[in-house]
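Visitor: Pasting in a structure now, in structure tokens, and then I'll have a few things to ask.
The values are calculated or read from the model by the stated rules, or taken from the named source; none is laboratory data. Everything numeric here is computed off the predicted structure, so don't read it as measured data. Neighbour counts are summed over all protein chains in view; Cβ atoms, including those assigned to glycine, are modelled from backbone coordinates with ideal geometry.
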Amino acid sequence: MDYTVIIGLEVHVQLQTRTKLFCGCSTKFNPDHPNTQTCPVCLGLPGALPVLNREAFHLGMKTGLAINCEIPAFTKWDRKQYYYPDLPKAYQISQYDLPMSQNGWLEIELDPETREKKKIGIIRAHLEEDAGKNSHDESGRGQDSKVDLNRCGTPLIEIVSEPDLRSAQEARTYLEELKLLLTYIDVSDCNMQEGSLRCDANVNLHVHQANGETVPTPIVEIKNLNSFRGVEQAIEYEVQRQWKHWQETGLSLKDVPKETRGWDADRGVTLEQRGKEDAADYRYFPDPDLAPVTVTDAERERVSQELCERPADRRARFEESYQLSVYDAAVIIDQGLAVADYFETVAESCGNGKQAANWVTQDVLRELNERGLDISKFPIQPDVLAALLQKVNAEEITIKSGRTVFQELLNYPEGVPGIEQIQNIIEDKGLALVSDTGELDSIVQAVVDKNEKAVADFQSGKQAALGALIGQVMREIKGADPKAVRELFIAKMS
Amino acid sequence: MSVSLSQDDVLKVASLSRLKLSEAEVNSLGQQMGSVLKYIAMLDELNTDAIEPMAHAIEISNVFREDELQTSLPREKALSNAPQTDGNYFLVPAIL
Amino acid sequence: MSITSATASELLAKMNSGEISSEEITSACLDEISRRDGSINAFLSVQQEAALEKAREVDRKRKAGKPLGKLAGLPVALKDNICSEGVTTTCASKMLEHFVPPYDAHIVEQLKAADAVLIGKTNLDEFAMGSSTENSAFKTTTNPWNTAYAAGGSSGGSAAAVSAGFAPLALGSDTGGSIRQPASFCGVVGLKPTYGRVSRYGLVAFASSLDQIGPFARDVTDAALILGTIAGKDRRDTTSLDAAVPEYTSTLEQPLKNLKVGYIELLHEEGLHAEVKEATLRALDVYKSLGAEMVPITLPHAKYCVATYYIIAPSEASSNLARYDGVHYGYRAPHFENMIDMYAASRGEAFGDEVKRRIMLGTYALSSGYYDAYYLKALKVRRLIRNDFEQAFQSVDIIATPVTPTPAFTIGELVDDPLAMYLADIFTTSANLSGIPGISIPAGMSKNNLPIGLQLLAPPLEEERLLRAARMFERETDWHLKRPV
């Protein structure tokens, strides 16, 4: 095998606005109530006119800046013309030659072991309106197709990468990093099930021949990629298909026009798609109904100020400032902005990043998972968790007791528990660490007296017997310091 | 600029325009478009290399609306002019 | 003067003095329509019941001394490419024969708020493409002065309605002269405002960067009156201009001092009818007699206007009319093989010849390989044309020109020669390409007893100046008082 895989991704992301790009209809995902979120504008009724949503442009700028794009001083709107039933005007308002952002990059980590990183170039990111949704008769009996225009006019930003990706895995990593970034900066929920993030992949091979020449194979655009796994599988499939095709036909980029194929997730294959327009001649021209947008340096500066720390930077900072492992930092960052903020608050106020990471990645995430909760709904506020961890740190309670308090806080019946509840629970449950030998001594003596056999076992060298004895004391006094109890036993039985 | 339109040219443009034309229409359109294009060719006299295109009659910029919800049409109004519906969706002949 | 030949301001005065009611005016108009529209064909639909109901409502309000809108009780006709909720809006096309908009155009809202009586929807060339209303799918409007002649177009129905006594006021749209040319042919005042002065929201688009709604009236005062009610910023039209609307009627009677009238040398204008030339020169003399300074100007790129226009307008039209595909509204062919065939058959069957011609031209001009040579080139020449006007308005206040090269032509005369029809737009398209306001006012009669108009042009947003200059001329002449028999 001697070829290089060349991949570029076109990612469509739905921007988090309340209303559509050019009208005041809701952008809510609402497939169960078709054609209830439309108006003359998004229905493309004769005489209706588009007016640009300020927030959509703002979120577009934020996205462009987050992927290190230039935001040109002048941008405009163009009509991309094709006929399809989900496109009622028979043109999509998009941006052609002067997009609102261009020439950026996104850095991905190729290998968590070596920490090797790579900058993926971004050609452009432009705003456009989404189409509606067609549903087809799957029975094959040629029944009518149905058209729902609820989604029609929803704002999208299309992010077009350079063909810098070299494997299906890289493509997936890029997409994951992009999704993480866009949810961090709060421009999109990137919900792939609801179609808020969709991806097309342009794939071909550069075949290295024995004579030293490199021949590019025809470019294939794979459509309908709506999961990370789908992106990876479709590209892997397509690479194999193209390699086989090349070996069979020897056809290169020059011989064949760009082909569009659809990913069939059920069958795990890409299939040739019939073109929407016989020849793809979109006849782009400037939309006379919309005014261009100009952006000043001051506005650009203001929007970049709004950007939070990018996830990649924050990941690195967590490793550095809180001495987190690569793994822990990644787990926390990948959970999204809110969890990372939660962690950071806990870490800062308890003063122990590693400990905070353990609790957040294990206890907090497990509970969120089990309860199907979002961190914003988590009953234990970060300052409360921090206070609890401080008590464990200060050896006021044991780790085990800490977990008991954690559970009690979770089950706190009256709203969100405050810091004072920690002490209440410790007192109620008698969890305070008891290391006062006077108090412990009599109980240890009583246990020794009651368990002649265990004592004999221990004395004959069976260490395990000691554990059972300690357990009895711990049951008696929940807050007993296990170290102190152990020492007392050894002293008494030796 | 080309000023004569062949039958093939006309058919290609008709297909892009989604217009089904009779043979007579193809012929007359070819002729009429040809004569208009011939007239239009007078613009070639002008050197416009240094001229910025003017897409709008009055050039303004930065016109926005706020991201505020407006009432949508009830479904029956949205569908009221459609040639074919099932009461919920617009219906079209099978796309696939 | 009879009800049906009176001006809107005369009728308003009579209603305010209690001499006449809106119901009487509306009934008189409706009677005139039923009596004579069979031969004029100005209307595609008449909203008789709704109009009478509104008239009675206004009469009640007036009697009760309640506050009234500026056009209270005045019948207004609407070109049938302006959407009004619940009223069929056909664009004179088989495509939209049964289309009922679920919303009002901005100007319809304004008219309703001004208590106007919306009396009916007027005929036009299909989708406003044409200069004679002969391209209507339903009927051809005739010229009220002589029914063998064309009323002009595309707003021929609105012009004829005002001229024939069917309504004192009407609205049309002007993309390349579609208000000014029929106004000139029918002997009424027709105003195309600055692009963006009046919201296009609800005007069915022909060529979006050129289309503008404007009024027809029997004199300049009425045109000023109705412009004041429909002009102004509308947040639903991005291109509508955010500029204050002056009280046009309040300054109308004040002559412009030191007026400088620009004119173009007409001697060499090819194909210019002698009577039109004469009327234009006579009009210049009127201004001279009023003390205005006559300034010869050159518009070096004027001869490229028609070519530029017939690239830009069809290009935008090809895109604006792509939505009529038989899916979401409009005509769907009864027989087809598959979805693509359904599109092509529906459009092929429902569009008329001129619409198809323009869609084809526009698609061609925008298609891959031709875009730069046609569309982009035209956008650049458009700037040169606009620059000519900017230059000219450095030294003059208004520009006076003919509206059309000839008085009204006969019905059928040009219908088979599209290019000849297009060339008749030579004096009007420049205002649309440049976005500037233009007005056509009655300024003469031909030997055949057909009206001849004078066109005045002003810089962007200078409608007030335009109307005052037009009024200066009107006060000195009686062309506007003539009515067809």
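Visitor: Only one of (1) buried (at least 18 other Cβ atoms within 10 Å of the Cβ); (2) farther than 23 Å from A:Glu55 by Cβ; (3) facing another protein chain (nearest Cβ under 10 Å) is not met by A:Ile108, so which one is it?
Guide: Of (1) buried (at least 18 other Cβ atoms within 10 Å of the Cβ); (2) farther than 23 Å from A:Glu55 by Cβ; (3) facing another protein chain (nearest Cβ under 10 Å), only one is false for A:Ile108: (3).
Visitor: Can you pull out every residue in segment C:151-199 that is in contact with a helix residue (DSSP H, G or I) (Cβ under 8 Å, 6 or more places away or on another chain), within 14 Å of chain B (Cβ to nearest Cβ) and part of a loop (DSSP other than H, G, I, E, B)?
Guide: C:Thr175, C:Gly176, C:Pro193, C:Thr194, C:Tyr195, C:Arg197, C:Ser199
Visitor: Inspect all residues belonging to segment C:472-484 and state whether any of them is surrounded by fewer than 18 Cβ atoms within 10 Å (Cβ to Cβ) and within 29 Å of C:Ser136 (Cβ to Cβ). Working first, answer last.
Guide: Within segment C:472-484, the first condition is being surrounded by fewer than 18 Cβ atoms within 10 Å (Cβ to Cβ), and the residues that meet it are C:475-478, C:481-483.
In the following step, the residues that additionally are within 29 Å of C:Ser136 (Cβ to Cβ) were identified as C:482-483.
Scanning segment C:472-484, I find at least one residue that is surrounded by fewer than 18 Cβ atoms within 10 Å (Cβ to Cβ) and within 29 Å of C:Ser136 (Cβ to Cβ), so the answer is yes.
Residue by residue, here is whether (1) closer than 20 Å to B:Ser72 by Cβ; (2) in contact with a strand residue (DSSP E or B) (Cβ under 9 Å, 6 or more places away or on another chain); (3) within 11 Å of chain B (Cβ to nearest Cβ); (4) surrounded by 15 or more Cβ atoms within 10 Å (Cβ to Cβ) holds:
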| site | (1), (2), (3), (4) |
| --- | --- |
| A:Thr114 | no, no, no, no |
| A:Lys119 | no, yes, no, no |
| A:Asp144 | no, yes, yes, yes |
| A:Thr154 | yes, yes, no, yes |
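Visitor: Here is a further query. Select, from B:Leu29, B:Leu11, B:Leu21, the only residue that is within 14 Å of C:Lys356 (Cα to Cα), within 7 Å of another protein chain (Cβ to nearest Cβ) and in a helix (DSSP H, G or I). Walk me through it before giving the result.
Guide: Details: B:Leu11 fails: within 7 Å of another protein chain (Cβ to nearest Cβ); B:Leu21 fails: in a helix (DSSP H, G or I).
Checking each option against the conditions leaves just B:Leu29.
Visitor: Give the residue that is farthest from the other protein chains (Cβ to nearest Cβ), with candidates limited to residues of segment C:331-353 that are under 28 Å from the mean Cα position of the chain (by Cα) and crowded, with 24+ Cβ neighbours inside 10 Å.
Guide: Result: C:Phe351.
Visitor: For segment A:171-179, check the following and say yes or no: at least one residue is away from chain B (no Cβ under 13 Å), assigned to a loop (DSSP other than H, G, I, E, B) and either under 19 Å from the mean Cα position of the chain (by Cα) or touching a residue at least 60 places away in the same chain (Cβ under 8 Å) (or both). Don't jump to the end; show me each part of the working.
Guide: Pass one, segment A:171-179, residues away from chain B (no Cβ under 13 Å): A:171-179.
With assigned to a loop (DSSP other than H, G, I, E, B) added as a condition, the list becomes none.
Looking for residues that are away from chain B (no Cβ under 13 Å), assigned to a loop (DSSP other than H, G, I, E, B) and either under 19 Å from the mean Cα position of the chain (by Cα) or touching a residue at least 60 places away in the same chain (Cβ under 8 Å) (or both), one finds none in segment A:171-179, hence no.
Visitor: Now for a separate question. When you go through C:Lys257, C:Lys233 one by one, which is the residue that is within 14 Å of chain B (Cβ to nearest Cβ), in a loop (DSSP other than H, G, I, E, B), modelled with pLDDT of 95 or more and farther than 22 Å from C:Ser154 by Cβ? Reasoning before the result, please.
Guide: Working: C:Lys257 fails: within 14 Å of chain B (Cβ to nearest Cβ).
Of C:Lys257, C:Lys233, the one residue that is within 14 Å of chain B (Cβ to nearest Cβ), in a loop (DSSP other than H, G, I, E, B), modelled with pLDDT of 95 or more and farther than 22 Å from C:Ser154 by Cβ is C:Lys233.
Visitor: For segment B:40-91, give me the residue count where each residue is crowded, with 16+ Cβ neighbours inside 10 Å and among the hydroxyl-bearing types (Ser, Thr, Tyr).
Guide: Qualifying residue count, segment B:40-91: 4.
Visitor: Just checking, which of C:Gly190, C:Gly228 is touching a residue at least 40 places away in the same chain (Cβ under 8 Å) and crowded, with 24+ Cβ neighbours inside 10 Å?
Guide: Details: C:Gly228 fails: crowded, with 24+ Cβ neighbours inside 10 Å.
Every option except C:Gly190 fails the conditions.
Visitor: List every residue pair whose Cβ atoms sit under 6 Å apart, with the two residues 6 or more apart in sequence or on different chains, where the first one lies in segment A:345-367 and is farther than 18 Å from A:Lys400 by Cα and without any contact (Cβ under 8 Å) to a residue 60 or more places away in the chain and the second, anywhere, is in a helix (DSSP H, G or I) and β-branched (Val, Ile, Thr).
Guide: none
Visitor: Within segment A:377-410, which residues are aliphatic (A, V, I, L, M), surrounded by fewer than 16 Cβ atoms within 10 Å (Cβ to Cβ) and assigned to a helix (DSSP H, G or I)?
Guide: Of segment A:377-410, the ones aliphatic (A, V, I, L, M) are A:380, A:384-389, A:392, A:394, A:397, A:399, A:405, A:409-410.
Now drop any that are not surrounded by fewer than 16 Cβ atoms within 10 Å (Cβ to Cβ), which leaves A:394, A:399, A:410.
Passing the criteria: A:Ile399, A:Leu410.
Visitor: Which of the residues that make up segment C:102-139 are among the hydroxyl-bearing types (Ser, Thr, Tyr) and over 17 Å from the mean Cα position of the chain (by Cα)?
Guide: C:Tyr103
Visitor: Across segment B:32-53, what is the number of residues that are free of Cβ contacts under 8 Å to residues at least 24 places away in the same chain, more than 8 Å from every other protein chain (Cβ to nearest Cβ) and of a type outside the set (A, V, I, L, M, F, W, C)?
Guide: Number satisfying all stated conditions: 3.
Visitor: Here's something else I'd like to know. List the helices (runs of 4 or more DSSP H) that sit entirely inside segment C:360-477 and contain at least 3 residues that are within 19 Å of the chain's Cα centre (by Cα). Before you say what the answer is, go through the steps one by one.
Guide: Working: elements: C:377-395, C:418-423, C:429-434, C:463-476.
Answer list for segment C:360-477: C:418-423, C:429-434, C:463-476.
Visitor: Criterion first (under 15 Å from the mean Cα position of the chain (by Cα) and surrounded by fewer than 18 Cβ atoms within 10 Å (Cβ to Cβ)) does A:Gln193 satisfy it? Outline the logic, then answer.
Guide: On the way: under 15 Å from the mean Cα position of the chain (by Cα): yes; surrounded by fewer than 18 Cβ atoms within 10 Å (Cβ to Cβ): yes.
In short, yes.
Visitor: Can you confirm whether C:Ala313 is of a type in the set (A, V, I, L, M), crowded, with 17+ Cβ neighbours inside 10 Å and either under 23 Å from the mean Cα position of the chain (by Cα) or within 30 Å of B:Glu68 (Cα to Cα) (or both)?
Guide: Working: of a type in the set (A, V, I, L, M): yes; crowded, with 17+ Cβ neighbours inside 10 Å: yes; either under 23 Å from the mean Cα position of the chain (by Cα) or within 30 Å of B:Glu68 (Cα to Cα) (or both): yes.
Yes; evaluated as a whole, the condition is true for this residue.
Visitor: Output the residues belonging to segment A:15-66 that are among the polar types (S, T, N, Q), more than 7 Å from every other protein chain (Cβ to nearest Cβ) and buried (at least 24 other Cβ atoms within 10 Å of the Cβ). First the steps, then the outcome.
Guide: The initial filter retains those residues of segment A:15-66 that are among the polar types (S, T, N, Q), namely A:16-17, A:19, A:26-27, A:30, A:35-38, A:53, A:63.
Of the ones still in play, those that are also more than 7 Å from every other protein chain (Cβ to nearest Cβ) are A:16, A:27, A:30, A:63.
Selection gives A:Thr27, A:Thr63.
Visitor: Give just the number: which of (1) more than 9 Å from chain B (Cβ to nearest Cβ); (2) basic (Lys, Arg); (3) under 27 Å from C:Asp104 (Cα atoms) does A:Lys80 not satisfy?
Guide: Condition not satisfied by A:Lys80: (3).
Visitor: Yes or no: A:Ala456 within 53 Å of the chain's Cα centre (by Cα), outside the structural domain of A:Gly402 (by TED's automatic domain parsing) and at pLDDT 80 or above?
Guide: Here the answer is no, as A:Ala456 does not meet what is asked.
Visitor: Count, please, the residues in segment A:460-486 that happen to be farther than 20 Å from A:Ile426 by Cα, of a type in the set (Gly, Ala, Ser) and in a helix (DSSP H, G or I).
Guide: Of the residues in that region, 4 qualify.
Visitor: Sort out which residues of segment C:65-89 are surrounded by 24 or more Cβ atoms within 10 Å (Cβ to Cβ) and not small (Gly, Ala, Ser), and write them in order of number.
Guide: Within segment C:65-89, the first condition is being surrounded by 24 or more Cβ atoms within 10 Å (Cβ to Cβ), and the residues that meet it are C:71, C:73-84, C:89.
Correct list: C:Leu71, C:Leu74, C:Pro75, C:Val76, C:Leu78, C:Lys79, C:Asp80, C:Asn81, C:Ile82, C:Cys83, C:Thr89.
Visitor: For segment A:310-327: of the residues being among the acidic types (Asp, Glu) and surrounded by fewer than 14 Cβ atoms within 10 Å (Cβ to Cβ), which is farthest from A:Val339 (Cα to Cα)? Steps first, please.
Guide: So the first thing to find is which residues in segment A:310-327 are among the acidic types (Asp, Glu), and the list is A:313, A:319-320.
Then keep just the ones that are surrounded by fewer than 14 Cβ atoms within 10 Å (Cβ to Cβ); that gives A:313, A:320.
Values: A:Asp313: 16, A:Glu320: 18 Å.
Within segment A:310-327, the match that is farthest from A:Val339 (Cα to Cα) is A:Glu320.
Visitor: Could you grab me the full set of residues in segment C:349-359 that are in contact (Cβ under 8 Å) with a residue 12 or more places away in the chain and either among the basic types (Lys, Arg) or part of a helix (DSSP H, G or I) (or both)? Don't jump to the end; show me each part of the working.
Guide: If we filter segment C:349-359 for residues that are in contact (Cβ under 8 Å) with a residue 12 or more places away in the chain, which is where we start, we get C:349-355, C:357-359.
Listed by number, the residues that qualify are C:Glu349, C:Ala350, C:Asp353, C:Glu354, C:Val355, C:Arg357, C:Arg358, C:Ile359.
Visitor: Only residues that are touching a residue at least 12 places away in the same chain (Cβ under 8 Å), of a type in the set (Val, Ile, Thr) and more than 20 Å from A:Cys199 (Cα to Cα): list them for segment A:241-276, please. Walk me through how you get there before you give the answer.
Guide: First, the residues of segment A:241-276 that are touching a residue at least 12 places away in the same chain (Cβ under 8 Å): A:241-243, A:245-246, A:251-253, A:255-263, A:265, A:268-270, A:272-273, A:275-276.
Pick out the ones that are also of a type in the set (Val, Ile, Thr) and you get A:256, A:260, A:269-270.
Within segment A:241-276, A:Val256 is the sole residue that qualifies.
Visitor: Could you list, in sequence order, the residues of segment C:261-287 that are in a helix (DSSP H, G or I) and in contact (Cβ under 8 Å) with a residue 12 or more places away in the chain? It would help to see each step written out before you state the result.
Guide: Initial filter on segment C:261-287 (in a helix (DSSP H, G or I)): C:274-287.
Of everything in segment C:261-287, those that are in a helix (DSSP H, G or I) and in contact (Cβ under 8 Å) with a residue 12 or more places away in the chain turn out to be C:Glu275, C:Val276, C:Lys277, C:Glu278, C:Ala279, C:Thr280, C:Leu281, C:Arg282, C:Ala283, C:Leu284, C:Val286, C:Tyr287.
Visitor: Follow-up question, since we're still on this one. Among the listed residues C:Thr401, C:Thr429, C:Thr363, which satisfies the condition of being of a type in the set (S, T, N, Q) and over 21 Å from B:Met42 (Cα atoms)? Steps first, answer last, please.
Guide: Working: C:Thr429 fails: over 21 Å from B:Met42 (Cα atoms); C:Thr363 fails: over 21 Å from B:Met42 (Cα atoms).
It is C:Thr401.
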